[in-house]
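*Asks:* Right, I'll just put the structure down here and ask away after.
Bear in mind that the values in this text are calculations on the coordinates, not laboratory data. What you see is a predicted model, and the numbers here were worked out from it, not measured in a lab. So basically every Cβ, Gly included, is an ideal-geometry build from the backbone, and we count neighbours across all protein chains shown.
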């Protein structure tokens, strides 16, 4: 592969108005041949697109997309230069496809990297710098690794850097450039917003059984975990008899029983003696 110099890239940019990276790629694909590179850019719809990117785009469309089930919704504004292009079916299809792309790209928050606030980029950098796999590495090596990770992370957050869902071989930015070349006007994705159903709302867990019981005026059946806890609590509340006290009470009870038996025996003896005395008295009286 021929070495592509900065001078060659600059020359191609001046002739086509295409972006620096597009020019470099075109030259790499054509082994540094300027004429073939221009032809390559035209086939990709990039050569004429670059010349129109600086023109003011104040017309366009605001389109919406609601995903099946109504759980995700998108609003997007895409600008062009004239209302004539805004009414063009190709432009309308482009805007509709961009809205669907946004719905499918859950991590996307910005249109392009330049829209990301500096504090967000610094926060991402701080997170990467603190990762364990960088511990012990020299600062200059660590800085290069983090820089590469940050660039990748920031691109993940940007719409234009995403692979197009209908053709992963191109990015959304390249898709827009193709339509710039096709329609002959500057086209810009200005802004978008994505709505996720329930996002940011703290959900409360509803007890359906308790709700039904409340409506019927009855107590709700306990939950399985509550029932198990109640059973444990009841088991703890049952008083277990003290074996020591029981053993101490046994001799006392035995002594009381023996005393009662003795008293009964004494009474039986007394009754027998009274009967004998009565019989003797009766015999004397007869004589």
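*Asks:* Compute the projected area of the convex hull of the Cα atoms of the range 105-212, averaged over all viewing directions, and report it in nm² to one decimal place.
*Replies:* Its Cα hull, projected and averaged over all orientations, spans 12.7 nm².
*Asks:* Hey, another quick one. Given axes a ≥ b ≥ c from the Cα gyration tensor, I'd like to know whether the range 18-128 is rounded (a/c under 1.5), prolate (a/b larger than b/c) or oblate.
*Replies:* Note, shape of the range 18-128 comes out oblate.
*Asks:* Using a 10 Å cut-off around each Cβ, can you sort 132, 167, 22, 63 from fewest to most neighbouring Cβ atoms?
*Replies:* The order, fewest Cβ neighbours first, is 132, 167, 63, 22.
*Asks:* Return 16, 171 ranked ascending by Cβ neighbour count within 10 Å, so the fewest neighbours appear first.
*Replies:* By the 10 Å Cβ count, ascending, the order reads 171, 16.
*Asks:* I need the Kirkwood Rh of the range 117-156: take the reciprocal of the average 1/r across all distinct C-alpha pairs and report it in angstrom.
*Replies:* 10.3
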